[in-house]
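Presented below is the structure to which this report refers.
The values are calculated or read from the model by the stated rules, or taken from the named source; none is laboratory data. In this text the structure is predicted, and so the values were computed from the model without any measurement. When the accessible area is computed, the model is the full protein with side chains, heavy atoms only, and any ligands, DNA or RNA have been set aside. Shrake-Rupley method; radii C 1.70, N 1.55, O 1.52, S 1.80 Å.
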Amino acid sequence: MDNERIAELFEGLGPVSIRKLFGGKGIYFDGVIVAIVLRGELLLKADVESAPDFEAAGCRQWTYTGSRHGKLVSMPYWSIPDSAFDDPDEMAVWARRAYEAGLRAGK
């Protein structure tokens, strides 16, 4: 996903900055990380308060198997509902949730 498309998706939230992160990209709004692009997939930040909304919308949480212990590790990033990619107003709602989760995380 190129930076122009990322900026377009987050227009409803405001101007974002994009930096390299995890071999992908970190997307920041007002200095707070709100999303990542990893292996070409855009994932929004969530927390215990907002994760149920993502789950209810059928989104997937980013997980991986830890190399040292072989256990499943869950990260605080979730896929975006497909409908939000085509609806700027809906995307703004999801982006705002991600920003609020980032604020609560203090990062």
Note to self: with every protein chain in place and a 1.4 Å probe, region 35-80 gives an accessible area per residue in Å² of 59
Percent relative contact order for the chain, counting Cα pairs under 8 Å at least six residues apart, stands at 28
